[in-house]
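The values are calculated or read from the model by the stated rules, or taken from the named source; none is laboratory data. Just so it is clear, the model here is predicted, and its values are computed rather than measured. So basically every Cβ, Gly included, is an ideal-geometry build from the backbone, and we count neighbours across all protein chains shown.
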Amino acid sequence: MSQQWKDVLNMHRGERRGFLLLVAGCLVAAGWATYEQWLRPSDPQELTILAARMEPWVEARKAFRDSTSTAPFSRDRHLTLFPFDPNHLPIDQWVALGLSERQAEALHKYEAGGGRFRSKRDVAKMRVVDPELFAQWAPYIQLPDSAASAYPRSTWPEREERTYAERTVPRDLELNTADSAALVAVPGIGPAFARGILKYREKLGGYHSLDQLMEVYVLKDKPDAVAKLKDRLVLDTLMMRRIPVNTASVEELAAHPYLGWKVAKALIAYRGQHGAFRNVADIKGCVLVNDSLFRKLAPYLTAP
């Protein structure tokens, strides 16, 4: 083996000279690159020239973002979440919900051109609505999840009616108006599940999200069953029962599963001390209403 290496490294004088020149050239190039990249002091004049060249590009990018009205949602942007109908919503309320004024104006132009939001999906399709922002809005949008649930069966377009008739099993059942018989007809819902779903619906005042099925006692440890049910159910949040927070008694508030006596009494005391709530978001002034509780509770309250 040592003899083989000797044969490989055995070079005559010309080859050795060329090899040494190659190594020296590589070392010089590496040293120059290292100096230029990390060791050479910065020239203020060069930085000024570079900044001057970059400024038009930065301004052009900023103008492009403003003109497209699709600036990405920033987690640092302050949001005020409250139940709302997106149709004809004032610009200042869109801004409170996290949009820029330009984005809100784009939604108004859509409505001015004859557009209308019939379901939550219609809102999610708007180019100016960031998916992450829509996920936070969804529980508060006072529209059904899909357009089909916004109409009674008798008013569905002929194509929708024909499609429904062709189904071999019930699908797209509206959960907030369904009775026990309709629920049991859905594959995956037996009498026990139906009783649990209806009992919890009555306590809540209606479901505002299909994810709330995970809160039903008989479904808490059955995520697979809930996932299958969500494919066959839709919600009409207009059918929810809401509590007027400025006139409700402590008993009415405490009866809601998300409140209880402790928080209900705290809200009544806060209302008595500070006066009527101007909007639902004002309940966050109560020390017992944290962000998590507010997101769950807000769809069930109304305030002027």
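A few comments on the model shown:
- Residue identified as assigned to a helix (DSSP H, G or I), aliphatic (A, V, I, L, M), more than 30 Å from L173 (Cβ to Cβ) and at pLDDT 90 or above among V289, V263: V263
- Pairs, first over 18 Å from M239 (Cα atoms) in segment 186-203, second among the aromatic types (F, W, Y) and assigned to a helix (DSSP H, G or I), C-beta under 9 Å, six or more apart: G196/Y217
- Looking across segment 220-235, the residues that are touching a helix residue (DSSP H, G or I) at 6+ places or on another chain (Cβ under 8 Å) and under 17 Å from Y200 (Cβ atoms) come down to K220, P223, A225, V226, L229, K230, L233, L235.
- Test: residue in segment 271-293 that is aromatic (F, W, Y) and surrounded by 17 or more Cβ atoms within 10 Å (Cβ to Cβ): yes
- Out of A185, A148, sole residue that is surrounded by 12 or more Cβ atoms within 10 Å (Cβ to Cβ) and either of a type outside the set (A, V, I, L, M, F, W, C) or modelled with pLDDT of 85 or more (or both): A185
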